[in-house]
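Everything below concerns the one structure shown next.
The values are calculated or read from the model by the stated rules, or taken from the named source; none is laboratory data. On a predicted model such as this, the values are computed, not experimentally measured, just so you know. Methodologically, a virtual Cβ is constructed for each residue, glycine included, from the backbone with ideal geometry; neighbour enumeration extends over all protein chains shown.
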Amino acid sequence: MRRLGLSVAMTMLLALPLAGYAQQPAGTGKVPAGDAKFIKQVAIGGKAEVELGRLASERGGSDAVKQFGQRMVNDHGKANEELAQLAQQKGVTLPSDLDATHKKLYDRLSKLSGAKFDAAYAREMVRDHDKDVKEFEREAQRAKDADVKAWVSKTLPTLKEHQQAARQLVANAKAAGSPSAATAPK
């Protein structure tokens, strides 16, 4: 009798991971949970890029920062639309607002203007795009859903271009002798 109970318990334990995958929470039924989490995080980050890009277009001290900000609005806006369509197809509900971290960053940058804004914004764009490129490269390898993987692969080259352009903004700020740019990451 004890052996039978142990067998039943082991069978149930072995079935749990499969049952958990098959019965995902509502909103993620068509895509694995890890891919759904990635989609939601990217949606928040993309929305932040657009909002910060608009801010850069308004508050930037240099034409280069204003142009970069507008590029963020355009490129991330397009990527956000594509991601929203993908999320809808996969049954993933996207967050409608920025998270606390991005709100805090927006608030901090919105109090700056000119060269101080340029240096702070450029640093943040380098940090953010370094993080994004790393996450997208990881997701390109780990994504289970073919459509998610395809979107990631399509989007990654643009993120790498943004990363290089952001690094150039930091270099330009350093060359201009901006004291606050001297601490920018390389």
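Annotation: of all residues in the stretch 137-178 being surrounded by fewer than 18 Cβ atoms within 10 Å (Cβ to Cβ) and within 18 Å of GLY60 (Cβ to Cβ), the one that is modelled with the highest pLDDT is GLN168.
Of all residues in the stretch 104-113 being out of contact with any Asp or Glu (no Cβ under 8 Å at 6 or more places or on another chain) and surrounded by 13 or more Cβ atoms within 10 Å (Cβ to Cβ), which is nearest to ALA64 (Cα to Cα)?
Filtering the stretch 104-113 for residues out of contact with any Asp or Glu (no Cβ under 8 Å at 6 or more places or on another chain) gives 104, 107-108, 110-113.
Filter once more, so that each one left must be surrounded by 13 or more Cβ atoms within 10 Å (Cβ to Cβ): 110, 112-113.
On the way: SER110: 18, LEU112: 17, SER113: 14 Å.
Top of the filtered list is SER113.
Given the criteria in contact with a strand residue (DSSP E or B) (Cβ under 9 Å, 6 or more places away or on another chain), surrounded by fewer than 19 Cβ atoms within 10 Å (Cβ to Cβ), of a type outside the set (D, E, K, R) and at pLDDT 95 or above, does GLN85 qualify? The answer is no for GLN85.
The rows are residues; the columns are (1) more than 15 Å from ALA48 (Cβ to Cβ); (2) under 13 Å from the mean Cα position of the chain (by Cα).
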residue: SER96; (1), (2): no, no
residue: THR101; (1), (2): no, yes
residue: TYR106; (1), (2): no, no
residue: GLY114; (1), (2): yes, no
residue: PHE136; (1), (2): yes, yes
residue: GLN168; (1), (2): yes, no
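Please enumerate the residues belonging to the stretch 88-103 that are among the charged types (D, E, K, R), surrounded by fewer than 19 Cβ atoms within 10 Å (Cβ to Cβ) and within 16 Å of LYS40 (Cβ to Cβ). Matches in the stretch 88-103: ASP97, ASP99.
Hey, can you tell me all the residues within the stretch 120-136 that are of a type outside the set (A, V, I, L, M) and under 23 Å from ALA56 (Cα atoms)? Quick ask: steps written out before the conclusion?
If we filter the stretch 120-136 for residues that are of a type outside the set (A, V, I, L, M), which is where we start, we get 121, 123-124, 127-132, 134-136.
Matches in the stretch 120-136: TYR121, ARG123, GLU124, ARG127, ASP128, HIS129, ASP130, LYS131, ASP132.
Name the single residue that is farthest from PRO32 (Cα to Cα) among those in the stretch 109-154 being among the basic types (Lys, Arg) and in a loop (DSSP other than H, G, I, E, B). Steps first, please.
Initially, the stretch 109-154 is screened for residues among the basic types (Lys, Arg), giving 111, 116, 123, 127, 131, 134, 138, 142, 144, 149, 154.
Filter again for in a loop (DSSP other than H, G, I, E, B), leaving 111, 144.
Values: LYS111: 40, LYS144: 7 Å.
Only one residue tops the list, namely LYS111.
Being at pLDDT below 95, aliphatic (A, V, I, L, M) and over 30 Å from ARG167 (Cα atoms) is the requirement here; does VAL92 meet it? Spelling it out, it is not the case that VAL92 is at pLDDT below 95, aliphatic (A, V, I, L, M) and over 30 Å from ARG167 (Cα atoms).
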